[in-house]
């Protein structure tokens, strides 16, 4: 046993400084299970496997200095060298790529939806100004304007809105860079209130006692629209 201990120390401590106490050595006899009669003819990998198995049985947080020193020495003798740090780095890199991929897959649809809603909001704001002019025209003449030329100077285009058309009181905004269209249809009161008009956005339903006019030309997916236009 003493000779076996000395040969371990000579292999992993060239300076000759002992690092295994006698009391500790008595608990390390598990290493003998991997050695044959000559003591050193077993492969280094087999002995490392024994050490790792012993380490698993011990508490990882309280691994002795002996185990740490022996493992470091044996890792140097492996061919090719076994690199825990390199393996950990690869695992860490793979996990980082996975997390980034999940974040990107989540962020792209959210950003796309946000961008489309911003474009549609511009069209709604432009048509809101035109609605006021149409309501004023209807209150004066008792009929809906058929063309934009019948109204004072109005803005019919923007950064994301290519054009706003007026057809018998119906406002339709065409978006740039896609085929989306959004309609604002007039709804007239069907009761005693004369010349009262409101507008219905997109797929929304008209208020009570109002009859919506013309056909809805909206083709924008509802999830891009505000609640007042669904």
Scanning for something assigned to a loop (DSSP other than H, G, I, E, B), farther than 24 Å from residue 117 by Cα and under 41 Å from the mean Cα position of the chain (by Cα), does the range 180-197 turn up at least one residue? no
Residue 155 vs. criteria over 15 Å from residue 186 (Cα atoms), surrounded by 10 or more Cβ atoms within 10 Å (Cβ to Cβ) and modelled with pLDDT of 90 or more: no
Could you tell me which of the residues 153, 174 is within 38 Å of the chain's Cα centre (by Cα) and either over 26 Å from residue 113 (Cβ atoms) or in the same structural domain as residue 112 (by TED's automatic domain parsing) (or both)? 174
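Within the range 161-171, take every residue that is in contact (Cβ under 8 Å) with a residue 40 or more places away in the chain and over 37 Å from the mean Cα position of the chain (by Cα) and give me the one that is surrounded by the fewest Cβ atoms within 10 Å (Cβ to Cβ). Show your work before the answer.
Here is the first cut: in the range 161-171, the residues in contact (Cβ under 8 Å) with a residue 40 or more places away in the chain are 161, 164, 167-171.
Narrowing the set further to residues that are over 37 Å from the mean Cα position of the chain (by Cα) leaves 167-171.
Details: 167: 16, 168: 13, 169: 23, 170: 21, 171: 25.
Across the range 161-171, the extreme among qualifying residues is 168.
Would you check which residues across the range 208-223 are part of a loop (DSSP other than H, G, I, E, B) and modelled with pLDDT of 90 or more and list them? Even if it seems obvious, please write down each step before you answer.
Kept after step one, since they are part of a loop (DSSP other than H, G, I, E, B), are these residues of the range 208-223: 208-209, 213-221.
Result: 216, 217, 218, 219, 220, 221.
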Tell me, yes or no, whether the range 125-142 has at least one residue that is under 30 Å from residue 110 (Cβ atoms) and surrounded by 14 or more Cβ atoms within 10 Å (Cβ to Cβ). yes
Out of the residues in the range 177-204 that are more than 19 Å from residue 141 (Cβ to Cβ), free of Cβ contacts under 8 Å to residues at least 24 places away in the same chain and in contact with a strand residue (DSSP E or B) (Cβ under 8 Å, 6 or more places away or on another chain), which is surrounded by the fewest Cβ atoms within 10 Å (Cβ to Cβ)? 190
Given the structure, is residue 182 in contact with a helix residue (DSSP H, G or I) (Cβ under 8 Å, 6 or more places away or on another chain), in the same structural domain as residue 123 (by TED's automatic domain parsing) and closer than 16 Å to residue 229 by Cβ? yes
In the range 205-230, the residues that are farther than 26 Å from residue 119 by Cα and without any contact (Cβ under 8 Å) to a residue 24 or more places away in the chain: 207, 208, 209, 210
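The values are calculated or read from the model by the stated rules, or taken from the named source; none is laboratory data. The structure presented is a predicted model; accordingly, all values stated were derived computationally and were not measured. For neighbour counting, all protein chains shown are included, and Cβ atoms are generated from backbone atoms with ideal geometry for every residue, glycine included.
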